[in-house]
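Below is one structure; the comments refer to it alone.
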Amino acid sequence: MAQLRVSAISFLNTAPLMWDFAHGNVGTGFDVHYTLPAQCAEELRQGSADIGIIPVFTYALIPNLVLIPDIAIATKGVVRSILLISKVPVEQIKSVALDTSSRTSVNLTRVLFSKFWDGERSFISHPPDLDQMLAKCDAGLLIGDPALRAKTAGYHVYDLATEWKKFTGKPFVFAVWAIRMAALTGNDHATKVVEIFQRSRDNGLKPEHVDELAREWSPKIGISERDVHEYLTHNIDYHLDAENLEGLALFFQYCEELKLIEKAPELRFLPAHNWFSK
Ligand SMILES: C=C(O[C@@H]1C=C(C(=O)O)C=C[C@H]1O)C(=O)O
């Protein structure tokens, strides 16, 4: 039986989701590798990966994907790792350098400027290097670990999930586990995928495992164990509950309005029971 190729994200925020994979508790059915969000989506699009924790924006662009229910990288409020860092207050920003790793937050930035921050700005894509970004533009968007590490003293810092919540009253969803339908048909592991990925998330979020992740990641990111702990338990929300789905629906609606996507996609979920027959 072929292994399912899993494209995972190398950022701290996905570490709880990957707990069982990192600790060998899922058997041999999965071939996991780690990359950046934009590349993760690209691998699913090309078919070089079967399952990926894709930027949710790209779900609207890639056909024939299904989602694993109730798992997300989301936030109900402050996210801490999606930052617009600016030399000037937001109303005065004319140009923005957007992190090349991102597909969701770059479009969240466009939505916030268009709908709530008074119109058009110029955008360029740029690798996540804050000094270089701010040498070229008024502001830079950083996501993930580079945002957690960024030295922001002296700049105006906008947490984009906080801004989204301020304007819409809703949570924000950044990433979801998506599967190429074609990869599941006839694969022995297909029937267990939902259970395996949800269990891995639940194990990763057990208090003793969050403590372990905090010890492991604190020196890697250069923030305190307490901050890592807080980030994984309070900032990031790992569930795709009804409230998060509402936030997601509104984001897709705005993306459609602004013609960033052709049409807000219908969300299709993999059922948790034995659905695929061999
Ligand atoms: C909250 C985050 O969500 C990320 C943001 C993404 C994006 O902007 O495309 C994609 C995947 C997520 O890992 C983060 O990494 O900081």
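Tabulated data
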| quantity | calculated |
| --- | --- |
| Potential extension, Ser48-Glu120 segment - 0.36 nm per residue separation minus Cα distance | 22.3 nm |
| The chain, relative contact order in percent, only Cα pairs under 8 angstrom and at least six apart counted | 29 |
| Difference of contour (0.36 nm per residue) and Cα-Cα distance, Glu216 to Glu257 | 10.5 nm |
| Among Ile68, Ile85, Ile221, residue whose mean-square fluctuation peaks in a GNM of the chain (springs only between Cα atoms under 10 Å) | Ile221 |
| Which listed pairs, of Lys192/Lys263; Lys170/Lys263; Lys76/Lys166; Lys115/Lys170; Lys94/Lys115; Lys166/Lys263, have C-alpha distances above 23 Å, in listed order | Lys192/Lys263; Lys166/Lys263 |
| For segment 82-168, convex hull volume per residue from C-alpha positions, Å³ | 83 |
| Cα Rg, Dmax (largest Cα-Cα span) when computed across the chain, Å | 18.4, 59 |
| Rounded to 5, percent antiparallel among DSSP beta bridges of the chain | 55 |
| Residue-span extension gain [Glu243 to Arg268] - 0.36 nm each, minus C-alpha spacing | 7.3 nm |
| Between 0 and 90°, nearest 10: helix 193-204 axis offset from the chain longest Cα axis | 60 |
| Within segment 1-141, percent of DSSP bridges classed antiparallel, to nearest 5 | 15 |
| Sequence-separation-based contact order of segment 82-168, relative, with Cα cut under 8 Å and 6+ spacing, percent | 49 |
| Residue with peak Gaussian network fluctuation, the chain [Cα springs, cutoff 10 Å], from Ile51, Ile82, Ile93 | Ile93 |
| Cα long-axis angle, helix 37-46 against the chain (0 to 90 degrees, to the nearest 10) | 50 |
| Residues with amide H under 5 Å from that of Ala97, placed H, sequence gap 5 or more | Ile124, Ala139, Gly140, Leu141 |
| Degrees, to the nearest 10: 207-221 long Cα axis against longest axis of the chain | 50 |
| For the chain, built as a Gaussian network whose Cα springs stay under 10 Å, the top-fluctuating residue of Asp131, Asp159, Asp50 | Asp131 |
| Residue order, fewest to most beta carbons within 10 Å, for His33, His239 | His33, His239 |
| Inter-label distance for Val157 and His23, nm, one decimal - labels placed 7 Å from Cα along Cα-to-Cβ | 3.2 |
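Taken together, the values in this text are just the output of simple stated rules run on the coordinates, not laboratory data. Given the structure is predicted, the values throughout are model-derived calculations rather than measurements. Cβ sites come from the backbone with ideal geometry, for glycine too, and all protein chains shown count toward neighbours.
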